[in-house]
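This report refers to the structure that appears directly beneath it.
The values are calculated or read from the model by the stated rules, or taken from the named source; none is laboratory data. Given the structure is predicted, the values throughout are model-derived calculations rather than measurements. Cβ coordinates were reconstructed from backbone atoms using ideal geometry, including for glycine residues, and neighbour counts include every protein chain displayed. The accessibility values were calculated without ligands, DNA or RNA, using every heavy atom of the protein model including side chains. Shrake-Rupley method; radii C 1.70, N 1.55, O 1.52, S 1.80 Å.
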Amino acid sequence: MYAYRRGMLKGSIGNGNMTASTTVFANTLAMQYSKRLDAERLRRIVDAPTVEAAFKMLGDYGYSYTAGNTVDKFIVEETDRFIAFIADTVADRRAADALIAPFWYNNVKLAYKSRFIEVPSDAYYQTEKDATKIADGEYDDADVFLSRALEGLDEEGESKPQNIDIAITRAMYKYVLSCGVHSVKKYFRAEIDLKNILTAARLRRLGIRRAEFIDGGKIALDKLEAAVSAESFSDSFNGTPYEQAAERIEENGFSSLGAFERDADDFLYFMTDSPCAAMTTFEPFLNYYALQRIELKTIKTALVCIKTDTRDTFFERMPKLYD
């Protein structure tokens, strides 16, 4: 369990200040651990004869190595180290709580769904809050947004995993957008937009309309709803930073939404990758955060491709930031 400073997860995210010296320190450490992989190292990993051999390579590249590990356990363990690094390094608790929130809320989803389906105990990330209390219907540790969402699910008697995920995800974004840190809010607003575009494309491909969009992004919800049935899907996003990505979705006939997920990862990374960002601002650490989330996802994809002997498909999914 990492050393997490208590007292900031109740209600909306509280006030906090990060001095220039602690910001520089956090950014320096983040840059030191940033981008342990590149295209050549990823090629070597994917070419490994076995998953175990790939684990050993990852150990050489700065990741942990435990003999006989599984793909899922490895990703959870590395994510736990990532969470601990954020908690121990970022001095501004508003920012740290917001960056850790996706992992805590993931635990909440698992815990709530464990009332209806079996959830492996090792699927949870190590966070300061105990998610088993959520499974027992105890919401004392939940922030106000999460409490409202969970109580709403209880009142509706909701048991469908997809509806549970949507309700808790919406609460998470309300929480992180309450942090008051401009760069963090900008990052998560973009993430909301990208998730909403993907949702619109998926609904259009399925030919259905459903209330699955997340509030809080820059793109208005009515524009997203209109895109589902508009004559031109991509025209709905003209004048936005996502115009080209939407065009590629339409050009592919909505058949390759996985490619858009890769484009979304690239967008978030390059959005935070500013060579002129001052070390006294939060942007360098945020770039590390975006990269590490992408890298863990990319590693999991590589390991699964090895395990299923579908290595050739990996490079179709590899983010362009590794080119």
I'd like to know which of Ala302, Leu286, Tyr175 lies farthest towards the positive end of the charge dipole of the chain, counting +1 on Cβ of Lys and Arg and -1 on Cβ of Asp and Glu. Leu286
With the contact rule set at Cα under 8 Å and sequence spacing of 6 or more, what percent relative contact order holds for the stretch 124-265? 17 percent
Dividing the mean separation of Cα pairs under 8 Å (6+ apart) by the residue count of the chain yields a relative contact order in percent of 25 percent
Can you list which of the trypsin sites (Lys or Arg not before Pro) found in the stretch 152-253 are DSSP loop residues with at most 15 other C-beta atoms within 10 Å? Arg209, Arg210, Lys218
Take Glu52 and His182, extend 7 Å from each Cα along the Cα→Cβ direction, and tell me the distance between the two endpoints in nm. 5.4 nm
Using DSSP to define loop residues, name the GluC sites (Glu not before Pro) in the stretch 137-190 whose beta-carbon has at most 13 other beta-carbon atoms within 10 Å. Glu138
Charge dipole magnitude, Cβ of K and R +1, D and E -1 - the chain, Cα centre, debye nearest 20: 300 debye
For Cα pairs less than 8 Å apart in space and 6+ apart in sequence, what is the mean separation divided by the residue count of the stretch 253-323, i.e. the relative contact order in percent? 40 percent
More than 20 angstrom separation, counting every C-alpha pair in the stretch 19-102; what % is that? 45 percent
Cα centroid distance between the stretch 279-295 and the stretch 103-128, in Å? 26 Å
Could you tell me what a quarter of the Cα convex hull surface of the stretch 73-212 works out to, in nm² with one decimal place? 9.3 nm²
Tell me, what is the FRET efficiency for Asp309 and Leu29 to the nearest 0.05, using R0 = 41 angstrom and their Cβ-Cβ distance as r? 0.60
Which order, highest average first, do 176-183, 143-150 follow once you tally other Cβ atoms within 10 Å for each residue and take the mean per peptide? 143-150, 176-183
Where does each of Tyr124, Tyr288 land when they are ordered by accessible area, with a 1.4 Å probe and the largest first? Tyr124, Tyr288
Candidates per GluC sites (Glu not before Pro) in the stretch 201-231, loop by DSSP, up to 15 other Cβ within 10 Å: Glu231
Taking Cα atoms only, Rg over Rh for the stretch 243-284 with Rh from the Kirkwood formula is 1.20
Report the extension gain between Thr22 and Arg205 in nm, rounded to one decimal, defined as 0.36 nm multiplied by the number of residues separating them, less their alpha carbon distance. 61.1 nm
Could you tell me what fraction of 2.2 N^0.38 Å the Cα radius of gyration of the chain comes to, as a two-decimal ratio? 1.01
For the stretch 263-303: rounded, prolate or oblate by the Cα gyration tensor [a/c cutoff 1.5]: prolate
